[in-house]
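Participant: Once you've had a glance at the structure underneath, I'll fire off some questions.
The values are calculated or read from the model by the stated rules, or taken from the named source; none is laboratory data. Model, not experiment: these values are computed from the prediction. We place every Cβ from the backbone using ideal geometry, glycine too, and count neighbours over all the protein chains shown. For the accessible areas, the whole protein counts, side chains as well, though only heavy atoms, and no ligand, DNA or RNA atoms are used. Shrake-Rupley method; radii C 1.70, N 1.55, O 1.52, S 1.80 Å.
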Amino acid sequence: MDYGRYYLGVLLQLAVIASFLVGGPWVYLGIASLPLFGLIDSLLPNDFSVRRIGNDALADIPVWLCSLLGPVVYLFAAVWVARNPGASGWEFAGVIASCAWLSVIPLVPASHELYHQRGKLRRFVGRYVQICYLDATREIAHVVGHHIHVATTHDGDTAPRGTSLYAFTPKAVLVSTKEAWGSECDNQEKMGKARWGVGHRLWRAILAQVIFQSIVFSIGGWTAVAVALTGMVAARFWVESFNYFQHYGLIRLDGAPIARRHVWNHLKPLSRTLGFEITNHADHHTNSYASFHQLKPDTQWIPMPSVFVCFFSALIPPLWHDRIIKPALRRWDNEMASPEERALAREQNRRAGWPDWFESDARSGARAAA
């Protein structure tokens, strides 16, 4: 069962490919899986089990399949375009939305697993399947930026308290892009090359995109290219939005050790499985080379709902803030934060216009003692 559960993402990708071949309303199957999985995940109990997986090669098969099938989904979208020249705008919307969603789940966690591991082939594939969300340089900012600065003010993936999803996402896209390209320029310079010379990763990423879009064009013409690029642009912003739920409002001092408490965990079964344990988050930030199936759930966590529930609630900022993240951060500040982190948290709360729940909790404690 522990090996087989991770094929759920593969089955979803194959089902969407089949839906593009069938056509009609079936093209909505991919995007329809989002609310369906969200509903199922929210009803299931949290999963604290440690995976019993001893064979790394077998465990990696669904990771490779989900990574490689990511671009294939777009190719079959191009096939759908070629086979349905008179399709309605409603059908085009379904194809685009399904492509965008499948570029997020399961492709992002699968590619993330590959580029975090040792081995040139793994990193190469993990890097370039990211053409599906227009970011084949993504892992640069992720590895040398996010994993170093997580939960500090220098981390573009950690949303400050009071920030809405709509304010966070476009800024996160810009920050991660700037960090990736700037870091690559610095690396070029260290090697004695021109900062924007031909060896820069950006040019290879653009070449990979041109090659892929040429294949899409050969199948379905400019309409297919437009469909693919629209799905990819949507996916690019969607990808960044998921960092919002996994890091929102957490505090760490610059240069302080990264602890398990410095990330949020979402331990519902489908969140863990479809995300290749990316929502089983704590161990990943303390040992980023650990394979997905080696990550152990943090049993000292502050409970968070399904990542799907977090996504839908964040679309309504007052719901996200008042019902989910403020109660969680209140507990984090008073139960897990160091004194220095509490001081920074109090200042963020003040700037966000949030309650000073440190004083409130102290008064409640005094009344209880009396």
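Participant: So, counting K/R as plus one and D/E as minus one, what does the shell of residues with Cβ under 12 Å around Trp354 add up to?
Facilitator: Result for the neighbourhood of Trp354: +2.
Participant: Roughly how many percent of the accessible protein surface of the chain is carbon and sulfur, given a 1.4 Å probe and a whole-percent answer?
Facilitator: The nonpolar share, carbon plus sulfur, comes to 65 percent.
Participant: So what's the net charge close to Ser67: Lys and Arg +1, Asp and Glu -1, counting the other residues with Cβ under 12 Å from its Cβ?
Facilitator: Taking every Cβ under 12 Å from that of Ser67, the sum is +1.
Participant: Follow-up question, since we're still on this one. Take the cross-link list Lys268/Lys326; Lys178/Lys326; Lys171/Lys268 and give me the ones stretching past 23 Å between alpha-carbons.
Facilitator: Beyond 23 Å: Lys178/Lys326; Lys171/Lys268.
Participant: For segment 227-267, state the semi-axes of the equivalent ellipsoid (square roots of 5 times the eigenvalues of the alpha-carbon gyration tensor), sorted largest first and rounded to whole angstrom.
Facilitator: 30, 11, 7
Participant: Sticking with this structure for a sec: Over the chain, with a Gaussian network built from C-alpha contacts below 10 Å, which listed residue (Gly70, Gly197, Gly156) shows the highest mean-square fluctuation?
Facilitator: Looking only at Gly70, Gly197, Gly156, the largest GNM fluctuation is found for Gly197.
Participant: For a quick check, take a GNM of the chain with Cα springs below 10 Å and name the residue from Asp298, Asp60, Asp322 with the largest mean-square fluctuation.
Facilitator: The residue with the greatest mean-square fluctuation here is Asp322.
Participant: Please identify, among Trp90, Trp101, Trp332, the residue showing maximal mean-square fluctuation in a Gaussian network model of the chain using a 10 angstrom Cα cutoff.
Facilitator: So, out of Trp90, Trp101, Trp332, the one fluctuating most is Trp90.
Participant: Once the whole set of protein chains is in place, how much accessible area is left on Cys132, using a 1.4 Å probe, in Å² to the nearest 10?
Facilitator: We get 0 Å² for Cys132.
Participant: Given an 8 Å cut-off on Cα distances and at least 6 residues of separation, report the relative contact order of segment 1-142 as a percent.
Facilitator: For segment 1-142, the relative contact order is 30 percent.
Participant: Where Lys and Arg each count +1 and Asp and Glu each count -1, what net charge lies around Ser338 among other residues with Cβ under 11 Å from its Cβ?
Facilitator: With Lys, Arg at +1 and Asp, Glu at -1, the neighbours total 0.
Participant: Strictly greater than 16 Å: what percent of every Cα pair in segment 247-346 meets that?
Facilitator: More than 16 Å apart: 58 percent of the Cα pairs in segment 247-346.
Participant: Right, something else. Calculated from DSSP H runs of 4 or more alone, at -39500 (n - 2.57) each and per residue, what is the 222 nm mean residue ellipticity of the chain, nearest 500?
Facilitator: -20000 deg cm²/dmol
Participant: Using bins 10 angstrom wide from zero, how does P(r) for segment 95-169 break down, in % of all Cα pairs?
Facilitator: So the P(r) values, bin by bin, are 18, 39, 35, 7, 0.
Participant: Taking only protein heavy atoms into account and a 1.4 Å probe, give the accessible area per residue of the chain in Å².
Facilitator: On a per-residue basis, 44 Å².
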